[in-house]
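Asks: My questions all concern the structure below.
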Amino acid sequence: MPSLLSLFQSCKTESRLDWQPAFLKEEEVKTISALLDMILPRTETPGALDVKADMFIDKVFAETYDITGQKNIRAEIATFNADCKKNFGAIFTDLNEADRTKVLQEAETTSEKFNPGIWGVSLGKQKPIGFYRSMKSMAIWAYFTSEEMGKKVLSYDPIPGNYDPCKPLSGVGNRWSL
Amino acid sequence: MANFNIDAKKEKVYDAIVIGSGISGGWAAKELCEKGLKTLVLERGRIVEHVVDYPTMNLDPWDMELRGGLTPEEKEKHYKNIRSGWVGKDTEHFWADDAANPYTETKPFLWLRGHQMGGRSLLWGKQTYRWSDLDFEANAKDGNGVDWPIRYKDIKPWYTYVEKFAGISGEAMNLPQLPDSHFLPPMEMNCVEKHIKGRIEKEFSDRNMIIGRCAHLTQPHNGRGQCQNRNRCSRGCPYGAYFSSNAVTLPPANASGNLTIRPYSIVQSLIYDEAKEKVTGVRIIDSETNEAIEYSSKIIFVNASTLSTTQILLNSKSSRFENGLGNDSGELGHNLMDHTYRVGAMGKVAGFDDKYYKGRRPNGIYIPRYVNIDENSKSDKFVRGFGFQGEGFRGGNPANIESFGADYKDSILKPGPWEFFITGFAECLPYHDNQVTLNGDVLDKWGQPTLSIDAEFKANEKALNKQIQEDAVEMLQKVGLKDILGFDKEHPPGYGVHEMGTARMGRDPKTSVLNDFNQVHAAKNVFVTDGACMTSSSCVNPSLTYMALTARAANHAVSELKKLNF
């Protein structure tokens, strides 16, 4: 139970969210948002936070996860932060840039990968995907399916008409959004 | 489009009743109506009018609240279907409610249903291939099941007839095991597929790789628009570019002025008249009002989809047919088949980095059967055979790349590596003990007995699957693919969504349910022309054969009717 004073201090030092999450608690949102921003930062093109991928992921947790799923994701975020604390002395959002980078590098090299899939189902025996790569995958999904990315950054062609079976990539540019 | 006549309140007597409005029911309705029969189509679900009732047809991911994701309530509604990988927010409304329509899996079996006007013709894979005498003679030759009462020559003109109206695209190859259809121009392979085709045909002189033959229009046809390569077919196509009852067969049936289609009509049973030795009508339950109603007609087409058709026949009990209508042979409910599914190989294709494609072609490639087609290709491990579907595309999963940050993000905006897969479809033998039975212990919402499904793939299908995977890996190795993954999801039957059998055609009433014109042997004014009628399963997709058998049976029905034989 934090003291009144520490609550007061945290209010002063940390920026508040400017949106109301439907599922995630404030600390959880900040962890997710920080991860998203490191994986898909703003460059000449928008980053994950620019297209509100964090807000969408919160909505996905709130509206598509059942109670068990929600409990699990909450536990996974807590474990992720507990590991950061154990290995680097603080939860993810309180680490400096260098330590955050180490956390992600470690996760990239040690975590399981997605099997390929066809027609909506993954092939072979899928090993459990850990929290980090699941979040990364979800971030990419949220990012690519956002309207801004889908219409303006990726190549958008809702009604292709003819099929060009062998088009030079230079004539398309970025990947098709649909 | 003209509104459909759904008023079946006053008129209880028709020339013909068609149960179901999917691929085969739609054809039955069109043929019977156009031949002048006042026809009542009984549809279990709601009316789905072409275009008007396709709410998701133009939605981009961001137009959907959860970008295609389902809520826990929606997942519960489709709690069986969810295993298929097919159901999402974009098509959820076209898949039946599993919770409200229970079935019992004595052995694991996935039963995917579409309870609305058009049925699964809205959702099907649209791969369309003629069967050959390799298929129609198979049972007779190797002694499994019973002989088909027809041969390719009997159905050949009817293939042409339905193809001309439906519009089938493909390339003529003159292969005896996969006869050519009456084709619209073929779709095109992309550069990687063309490359792999060349390599496979060079390395394996017994094999061909062809563009998929499919029920998509590659040019305008009979007032329907051509495919726009959006690949959003299962949401309903605003151009009517693929074959569905809604876009293709029911509109002309309606235009004839002879069609009445009654939605929310669950057929409980057929009414058998012992004195007349024929069926005189059907009993239905209105799913909305629970009202029980009877309709009568001279002929009945049962096209409720394979297992639902058999469920209706099993539930049609009388003192003449204590074990279900037309079940003198004891074969009703037996010999259930499906194709094996998701067994094959995939790999990465080196090169072609500067090549891409434009358009989302709703079709892939096909490798026709090459095993057990003649003496030279005979296998000593199994009977029958398999074909492959597949596709080359730029894929990869950017989440698997061991990187993050600015450079990573910019790199994944480009398309991923070229990948190619082939997945086999193996023929399943007709086994008497692969069966469905009525289950009086589990009743549906309307108090009706449900189905128990007790079916499995056996040694021959497992041997075929083993060969599929070995051949798939070998082919991808020989054409130089990298990171090859052989796979077998070991799906139980049902996943192929090609359920066939349970009311098979045959020459002998003692061992089959239907005759050579799909008539119930002992009640000749009842026709079954959906997947239930199939005597064997071939390894190629069955829907085109349902269409041809239906048109052929409808023609026979009307000529018999004119001869006053009913």
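Asks: So the check is Cβ under 6 Å with 6+ separation or different chains; which pairs have a first residue in region A:62-78 that's under 18 Å from A:GLY130 (Cβ atoms) and a second one that's crowded, with 16+ Cβ neighbours inside 10 Å?
Replies: A:ILE73/A:PHE61; A:GLU76/A:PHE131; A:ILE77/A:GLU28; A:ILE77/A:THR31
Asks: Looking at region A:93-115, which of its residues are surrounded by 15 or more Cβ atoms within 10 Å (Cβ to Cβ) and of a type in the set (A, V, I, L, M, F, W, C)?
Replies: A:LEU95, A:VAL103, A:LEU104, A:ALA107, A:PHE114 - these are the residues of region A:93-115 that are surrounded by 15 or more Cβ atoms within 10 Å (Cβ to Cβ) and of a type in the set (A, V, I, L, M, F, W, C).
Condition check ((1) more than 13 Å from chain A (Cβ to nearest Cβ); (2) crowded, with 19+ Cβ neighbours inside 10 Å; (3) assigned to a loop (DSSP other than H, G, I, E, B); (4) in contact with a helix residue (DSSP H, G or I) (Cβ under 7 Å, 6 or more places away or on another chain)) across all residues:
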site: B:VAL162; (1), (2), (3), (4): yes, yes, no, yes
site: B:ASP180; (1), (2), (3), (4): yes, no, yes, no
site: B:LYS194; (1), (2), (3), (4): no, no, no, no
site: B:LYS197; (1), (2), (3), (4): no, yes, no, no
site: B:ILE200; (1), (2), (3), (4): yes, yes, no, yes
site: B:ASP206; (1), (2), (3), (4): yes, no, yes, yes
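Asks: To continue, here is another question. Given the structure, is B:SER297 among the small types (Gly, Ala, Ser), farther than 20 Å from B:ALA553 by Cβ and in contact with a strand residue (DSSP E or B) (Cβ under 9 Å, 6 or more places away or on another chain)?
Replies: no
Asks: Sort through A:LEU17, A:LEU35 and tell me the only one that's of a type outside the set (Ser, Thr, Tyr) and modelled with pLDDT under 95.
Replies: Criteria check complete, one pass: A:LEU17.
Asks: Would you check which residues across region A:38-61 are at the interface with another protein chain (Cβ under 10 Å from one of its Cβ atoms) and in a helix (DSSP H, G or I) and list them?
Replies: A:MET38, A:ILE39, A:PHE56, A:LYS59, A:VAL60
Asks: Looking at (1) in a loop (DSSP other than H, G, I, E, B); (2) on the phi > 0 side of the Ramachandran plot, which is the one condition that is false for B:ASP483?
Replies: Unmet condition: (1).
Asks: It is to be established whether one or more residues within region B:39-61 are without any contact (Cβ under 8 Å) to a residue 40 or more places away in the chain, within 30 Å of B:ILE453 (Cβ to Cβ) and either more than 19 Å from the chain's Cα centre (by Cα) or crowded, with 17+ Cβ neighbours inside 10 Å (or both).
Replies: no
Asks: Still on this structure: Within region B:85-106, work out how many residues are under 21 Å from B:THR309 (Cβ atoms) and not hydroxyl-bearing (Ser, Thr, Tyr).
Replies: So the answer is 9.
Asks: Please enumerate the residues belonging to region A:93-114 that are in contact (Cβ under 8 Å) with a residue 60 or more places away in the chain and within 14 Å of chain B (Cβ to nearest Cβ).
Replies: Across region A:93-114, the qualifying residues are A:ARG100, A:THR101, A:LEU104.
Asks: Scan region B:341-363 and report the pairs whose first residue is more than 7 Å from every other protein chain (Cβ to nearest Cβ) and whose second residue is small (Gly, Ala, Ser) and in a loop (DSSP other than H, G, I, E, B), with Cβ atoms within less than 6 Å and a gap of 6+ or a chain change.
Replies: B:TYR341/B:GLY496; B:ASN363/B:GLY212
Asks: Take the residues in region A:137-152 that are surrounded by 20 or more Cβ atoms within 10 Å (Cβ to Cβ) and farther than 15 Å from A:MET55 by Cα, then tell me which one is farthest from the other protein chains (Cβ to nearest Cβ).
Replies: Taking the candidates together, the pick is A:MET149.
Asks: Which of (1) on the phi < 0 side of the Ramachandran plot; (2) more than 7 Å from chain B (Cβ to nearest Cβ) is the odd one out, the single condition A:GLY173 does not satisfy?
Replies: All conditions are met except number (1).
Asks: In addition: Could you please find all residues in region A:115-134 being within 8 Å of another protein chain (Cβ to nearest Cβ) and modelled with pLDDT of 95 or more?
Replies: A:ARG133
Asks: Continuing with the same structure: Pick out, from region B:339-420, the strands (runs of 3 or more DSSP E) lying fully within it that include 1 or more residues that are farther than 25 Å from B:CYS227 by Cβ and out of contact with any Gly (no Cβ under 6 Å at 6 or more places or on another chain).
Replies: Answer list for region B:339-420: B:343-349.
Asks: Turning to a different aspect of this structure: Would you pick out the residues in region B:361-382 that are surrounded by fewer than 20 Cβ atoms within 10 Å (Cβ to Cβ) and basic (Lys, Arg)?
Replies: Selection gives B:LYS378, B:LYS381.
Asks: Which of the residues spanning region A:125-173 are among the polar types (S, T, N, Q) and closer than 30 Å to B:PRO186 by Cβ?
Replies: A:SER155, A:ASN162, A:SER170
Asks: So, one more: Of all residues in region B:269-286, count the ones that are out of contact with any Phe, Trp or Tyr (no Cβ under 8 Å at 6 or more places or on another chain) and in a strand (DSSP E or B).
Replies: Going through region B:269-286, the residues out of contact with any Phe, Trp or Tyr (no Cβ under 8 Å at 6 or more places or on another chain) turn out to be B:269-271, B:273-277, B:283.
Next, from what is left, pick out any that are in a strand (DSSP E or B): B:269-271, B:273, B:283.
Total satisfying the criteria: 5.
Asks: Looking at A:LEU7 and the list (1) at pLDDT below 95; (2) assigned to a loop (DSSP other than H, G, I, E, B), which single condition is not satisfied?
Replies: Against the list (1) at pLDDT below 95; (2) assigned to a loop (DSSP other than H, G, I, E, B), A:LEU7 comes up short only on (2).
Asks: Return the only residue of B:GLY440, B:GLY387, B:GLY395 being more than 30 Å from A:MET38 (Cα to Cα) and crowded, with 16+ Cβ neighbours inside 10 Å.
Replies: Only one candidate qualifies: B:GLY387.
Asks: Is it the case that some residue within region B:67-84 is surrounded by 16 or more Cβ atoms within 10 Å (Cβ to Cβ), away from chain A (no Cβ under 14 Å) and closer than 22 Å to B:GLN311 by Cα?
Replies: Taking every residue of region B:67-84 in turn, at least one turns out to be surrounded by 16 or more Cβ atoms within 10 Å (Cβ to Cβ), away from chain A (no Cβ under 14 Å) and closer than 22 Å to B:GLN311 by Cα.
Asks: From B:LYS445, B:LYS466, grab the single residue that is part of a loop (DSSP other than H, G, I, E, B) and basic (Lys, Arg).
Replies: B:LYS445
Asks: Kindly indicate the residue of region B:400-427 that is crowded, with 18+ Cβ neighbours inside 10 Å and acidic (Asp, Glu) and also farthest from the other protein chains (Cβ to nearest Cβ) among those meeting that condition.
Replies: Ranking the qualifying residues of region B:400-427, first place goes to B:GLU427.
Asks: Take B:GLY447 and decide whether it is on the phi > 0 side of the Ramachandran plot and either over 21 Å from the mean Cα position of the chain (by Cα) or not basic (Lys, Arg) (or both). Even if it seems obvious, please write down each step before you answer.
Replies: Values: on the phi > 0 side of the Ramachandran plot: yes; either over 21 Å from the mean Cα position of the chain (by Cα) or not basic (Lys, Arg) (or both): yes.
Yes: the conditions hold for B:GLY447.
Per-residue answers, yes or no, for (1) closer than 18 Å to B:TYR103 by Cβ; (2) in the same structural domain as B:GLU419 (by TED's automatic domain parsing); (3) surrounded by 23 or more Cβ atoms within 10 Å (Cβ to Cβ):
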position	(1), (2), (3)
B:GLN469	no, yes, no
B:MET475	no, yes, yes
B:GLY480	no, yes, no
B:ASP516	no, no, no
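Asks: Also, I was wondering about something else. Can you confirm whether region B:283-294 contains a residue that is buried (at least 24 other Cβ atoms within 10 Å of the Cβ), among the hydroxyl-bearing types (Ser, Thr, Tyr) and in the same structural domain as B:ILE271 (by TED's automatic domain parsing)?
Replies: no
Asks: Among the residues of region A:156-170 satisfying the criterion of being surrounded by fewer than 16 Cβ atoms within 10 Å (Cβ to Cβ) and in contact with a Gly (Cβ under 8 Å, 6 or more places away or on another chain), which is farthest from the other protein chains (Cβ to nearest Cβ)?
Replies: A:TYR156
Asks: Could you look through region A:99-120, keep only residues that are hydrophobic (A, V, I, L, M, F, W, C) and out of contact with any Asp or Glu (no Cβ under 9 Å at 6 or more places or on another chain), and pick out the one that is farthest from B:HIS491 (Cα to Cα)?
Replies: A:LEU104
The values are calculated or read from the model by the stated rules, or taken from the named source; none is laboratory data. All figures in this text were calculated on a predicted structure; none of them were measured in a lab. A quick note on method: Cβ atoms are made from the backbone with ideal geometry, for glycine too, and the neighbour counts reach across all protein chains shown.
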